[in-house]
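Just below is one structure, and these are the notes that go with it.
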There are 2 protein chains.
Amino acid sequence: MKCRKCNKRAVINMRQHKLALCADHFLEWVGLQTQRTIERYKMFTPAQKVLVAVSGGKDSLALWDVLQKLGYQTGGLYIHLGIKSEDDYSQESQRLTENFAHTRNLPLHIYNVENETGSPIDEIAFLNKRGKGKPCAVCGLVKRHTMNQVASQFDYDVLVTGHNLDDEVAVLFGNTLSWEIDYLRRQSPVLKAKPGLLPKAKPFCRFYERETAAYAVLAGIEYIEEECPFSAGSTSIQHKEILNLLEHHRPGAKLAFYVKFLKNKQNLFQNLDQDGDTNDVLYVCPSCGQPTQSEGTCSYCKTIQRTQTLKNK
Amino acid sequence: MKCRKCNKRAVINMRQHKLALCADHFLEWVGLQTQRTIERYKMFTPAQKVLVAVSGGKDSLALWDVLQKLGYQTGGLYIHLGIKSEDDYSQESQRLTENFAHTRNLPLHIYNVENETGSPIDEIAFLNKRGKGKPCAVCGLVKRHTMNQVASQFDYDVLVTGHNLDDEVAVLFGNTLSWEIDYLRRQSPVLKAKPGLLPKAKPFCRFYERETAAYAVLAGIEYIEEECPFSAGSTSIQHKEILNLLEHHRPGAKLAFYVKFLKNKQNLFQNLDQDGDTNDVLYVCPSCGQPTQSEGTCSYCKTIQRTQTLKNK
């Protein structure tokens with residue numbers, strides 16, 4: 001198969017776009033498409049400071065690489081969760097992230113959960129009896145809190161994550177299967193700023209995982225290939241398997257499911273503004289000062305306080 | 001595994017209900033659950049005349065059997081589509097349906113598409129260039145028209161079909177994947193009467209296909225096992241395969257997806273009345289007098305008129 005643009009040998013064939021490209025034109029295409037997604041969903045402008053949440057995996061490092069090449073002002077945030085595995089997952093991810101930032105001379109913020117809270121992520125989950133042996137729910141809570149805190153502290157204007165289409169579709173699919181209307185209403189490639197809460201964006205939301213992986217490899221990015229050891233057997237991985245079968249039958253089915261959802265969101269859900277964003281009221285946590293969805297101490301502070309109490313018993 | 005009710009050997013284990021039953025208790029359970037579904041969705045009462053659309057397959061014959069045993073006033077409608085296969089699909093289905101009605105002394109209406117319109121279903125589809133070699137869309141159109149016509153003509157009060165949970169979930173899944181809001185709004189186990197349009201109900205909508213199949217076998221019903229030869233490779237069969245994988249991972253997932261959809265319908269869609277029914281305006285077709293969704297001759301009459309013109313050329 002040949003590259004649509006230059007007739008060299010193609011390295012990737014994107015059936016949903018009927019588009020085969022060589023390495024150089026694919027790398028260029030990813031940049032152009034990312035720029036288009038940023039503009040389409042009004043994510044941010046070159047005048048703004050962008051904090052990229054990086055895990056050391058292919059998606060977030062590829063995203064940081066693309067944004068930097070597109071000329072955006074970026075910094076990275078690595079949250080060391082303290083997850084141990086045979087290959088020392090967290091330590092190795094941090095090393096690769098530092099290596100990436102160092103060779104490109106990009107600012108990187110490191111936040112160590114154990115240093116800051118007194119416990120690594122699995123201990124917080126375990127002591128709070130949350131997640132049936134998996135710290136995923138607590139991990140999400142800690143990450144959301146930390147990202148907003150660090151971004152505010154260092155005067156960033158917007159927070160971006162490397163979620164790809166497969167991630168977004170798995171979440172959408174899960175929320176659709178259970179018709180979780182509140183979660184469905186909130187799912188968006190861009191979440192607007194609210195008082196105390198930075199805007200968030202997912203510039204890779206229209207790329208399939210195989211595309212971000214191909215980008216990382218072709219751009220020569222060294223990333224951690226190991227998946228988080230806690231992800232095995234998760235519902236979202238089951239859903240990804242099911243969605244792969246759908247995509248196999250009908251190339252482009254995932255992209256269509258996601259894009260049509262975004263298009264129809266305003267017809268589907270009430271109480272959305274003209275950009276399709278929710279008008280939910282937020283409160284301020286008296287303990288950390290960050291916004292929270294219900295009155296009183298936020299879930300993050302409650303969880304960390306409970307962890308410290310239980311640990312000192 | 002033993003029957004939950006009598007400790008005899010169980011013939012079926014319904015994991016989503018954590019319920020194993022012997023043959024007698026399963027047959028009883030199907031009757032009770034059907035009665036519960038009829039009442040829950042206010043489908044019809046014993047005072048009403050019910051027309052069962054029967055294809056000769058397990059679902060519709062099992063439904064007719066259950067309704068009759070529950071004491072409802074039922075008649076059957078068999079629509080001979082003129083589908084030929086190695087085993088002469090339409091002819092054999094009609095024979096089994098007639099046999100079922102005859103042995104139970106139940107009234108059966110036979111409607112032969114070729115006799116009434118001049119062409120069997122595949123010829124209508126072929127001449128109208130609809131469906132890319134598959135007459136499924138035209139078949140649905142003809143069936144809907146005929147069912148309402150025959151039911152009105154013979155003074156039935158309500159029309160029922162044997163759609164099971166797997167059928168309903170496959171349709172829901174397809175419409176969700178493409179976010180077809182108008183189709184989603186209309187999907188319901190019961191459609192209320194509109195001027196000229198009889199109410200429709202699906203009393204088997206909460207039974208898995210394996211349950212209706214088990215009922216047909218255990219109740220000694222002789223039904224056509226061959227699937228419609230045009231169904232092979234259809235999107236709805238692909239969707240069923242995907243949904244089976246989901247159900248395999250999480251028993252009860254299909255039922256939850258469907259039931260939660262019905263529960264949330266009113267929060268999801270605007271312009272639904274308090275029973276979750278649509279308030280769409282209907283017009284009257286000047287040619288057949290049946291209701292239609294847009295002004296002028298209805299799709300059925302247009303299709304049949306075009307078929308006759310093209311055939312006489």
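General observations
- Heavy-atom accessible surface that A and B bury in contact, both chains counted, 1.4 Å, Å² to 100: 2600
- Spherically averaged projected area in nm², based on the convex hull that wraps the Cα atoms of chain A: 17.1
- Inter-copy separations for B:His17, label at 7 Å along Cα-Cβ, nm, ascending: 5.0
- Remark on region B:242-313: hydrodynamic radius 16.2 angstrom, per the Kirkwood mean of 1/r across alpha carbon pairs.
- Debye intensity ratio I(q)/I(0), log10, region B:63-138, q values 0.14, 0.22 Å⁻¹ (C-alpha model): -0.56, -0.98
- Calculated [θ] (222 nm, deg cm²/dmol) that DSSP helices of n ≥ 4 give over the protein assembly as shown, each run adding -39,500 (n - 2.57): -15000 deg cm²/dmol
- Within the protein assembly as shown: Cβ-based charge dipole about Cα centre, in debye rounded to nearest 20 (Lys, Arg +1; Asp, Glu -1): 560
- For B:Val52, the residues whose modelled amide H falls within less than 5 Å of its own, excluding neighbours fewer than 5 places apart on the same chain, are B:Gly75, B:Gly76, B:Leu77, B:Val160.
- Cα-based values for region A:1-137, radius of gyration first and Dmax second, are 19.0, 59 Å.
- Within region B:124-218, the trypsin sites (Lys or Arg not before Pro) that combine a DSSP coil assignment with at most 13 other C-beta atoms in a 10 angstrom radius are B:Lys129, B:Lys132.
- Computed with a 1.4 Å probe over protein heavy atoms only, the accessible area of B:Val52 comes to about 0 Å².
- A 1.4 Å probe, protein heavy atoms only, puts the accessible area of A:Asp167 near 40 Å².
- Counting Cβ atoms of other protein chains within 10 Å of each Cβ in A:177-183 and taking the mean gives 5.
- Alpha-carbon centroids, region A:76-144 and region B:245-270: separation in whole Å: 35
- Selection from A:Ser55, B:Gln290, A:Ala216, by position along the positive dipole direction of the protein assembly as shown (Cβ): B:Gln290
- More than 47 angstrom apart: percent of Cα pairs within the protein assembly as shown: 30
- Angle in degrees between helix B:165-177 and the longest Cα principal axis of chain B, rounded to the nearest 10: 60
- Cα-based reach from A:Lys5 at 19 Å (exclusive), listing lysines while leaving out same-chain residues under 8 positions away: A:Lys18
- Stokes-Einstein D for region A:1-82, Kirkwood Rh over Cα pairs, 20 °C, 1.002 mPa s (µm²/s): 149
- Values of log10 I(q)/I(0) for region B:126-225 across q = 0.14 Å⁻¹ run -0.74, by the Debye formula with one identical scatterer at each alpha carbon and no solvent.
- Remark on B:Met14: its backbone amide H falls under 5 Å from those of B:Leu19, B:Ala20, B:Leu21, a criterion applied only to residues 5 or more positions apart or on other chains, H modelled at 1.01 Å from N.
- Reach of B:Lys49 by Cα under 13 Å, taken over aspartates and glutamates that are not fewer than 8 positions away in the same chain: B:Asp155, B:Asp157
- Anisotropy class of region B:150-205 from Cα gyration tensor, a/c 1.5 cut: oblate
- A convex hull fitted to the Cα coordinates of region B:190-232 yields 137 cubic angstrom per residue.
- With contacts taken as Cα pairs under 8 Å at a separation of at least 6 residues, chain B carries a relative contact order of 19 percent.
- Net charge of the neighbourhood of B:Pro135, taken over other residues with C-beta under 15 Å away and scored Lys/Arg +1, Asp/Glu -1, is +4.
- When the alpha-carbon atoms of region A:223-263 are used, the pair Rg, Dmax equals 13.1, 35 angstrom.
- For region A:50-128, GluC sites (Glu not before Pro) meeting the loop criterion (DSSP other than H, G, I, E, B) and having at most 14 other Cβ atoms within 10 Å: A:Glu86.
- Compared with the dominant principal axis of the Cα atoms in chain B, helix B:209-218 is inclined by about 80°.
- Here the relative contact order of region B:158-247, from alpha carbon pairs under 8 Å that lie six or more residues apart, stands at 38 percent.
- Scattering profile of region A:169-313 at q = 0.14, 0.15, 0.18, 0.21 Å⁻¹ [log10 I(q)/I(0), Debye over alpha-carbon scatterers]: -0.97, -1.07, -1.25, -1.33
- Atom-type composition of the exposed protein surface of the protein assembly as shown places 48 percent of the accessible area on carbon and sulfur (1.4 angstrom probe).
- Here region B:162-223 is assigned +1 on the Cβ of each Lys and Arg and -1 on the Cβ of each Asp and Glu. Its dipole about the Cα centre then comes out at about 400 debye.
- In sequence order, calculated HN-Hα J values of region A:16-21 (Karplus, 6.51, -1.76, 1.60; Hz; x Gly/Pro): 5, 9, 6, 9, 10, 9
- Loop-located chymotrypsin sites (Phe, Trp or Tyr not before Pro) in region A:111-202 (DSSP state not H, G, I, E or B) with no more than 14 neighbouring Cβ atoms inside 10 Å: A:Phe154.
- For chain A, the longest principal axis of the alpha carbon atoms and the long axis of helix A:299-312 meet at an angle near 50°.
- The figure for A:Ile242 is an accessible area of roughly 0 square angstrom, using a 1.4 Å probe on the protein chains alone.
- Entries in A:Lys42/A:Lys194; B:Lys2/B:Lys42; A:Lys194/A:Lys260; A:Lys134/A:Lys240 that, when Cα-Cα distance is taken, lie over 23 Å: B:Lys2/B:Lys42; A:Lys194/A:Lys260
The values are calculated or read from the model by the stated rules, or taken from the named source; none is laboratory data. Please read these numbers as outputs of a predicted model, since none were measured by experiment. Here the Cβ is made from the backbone with ideal geometry for all residues, glycine too, and neighbour counts use every protein chain on show. We work out accessible area using only protein heavy atoms, side chains counted, and drop any ligands, DNA or RNA first. Shrake-Rupley method; radii C 1.70, N 1.55, O 1.52, S 1.80 Å.
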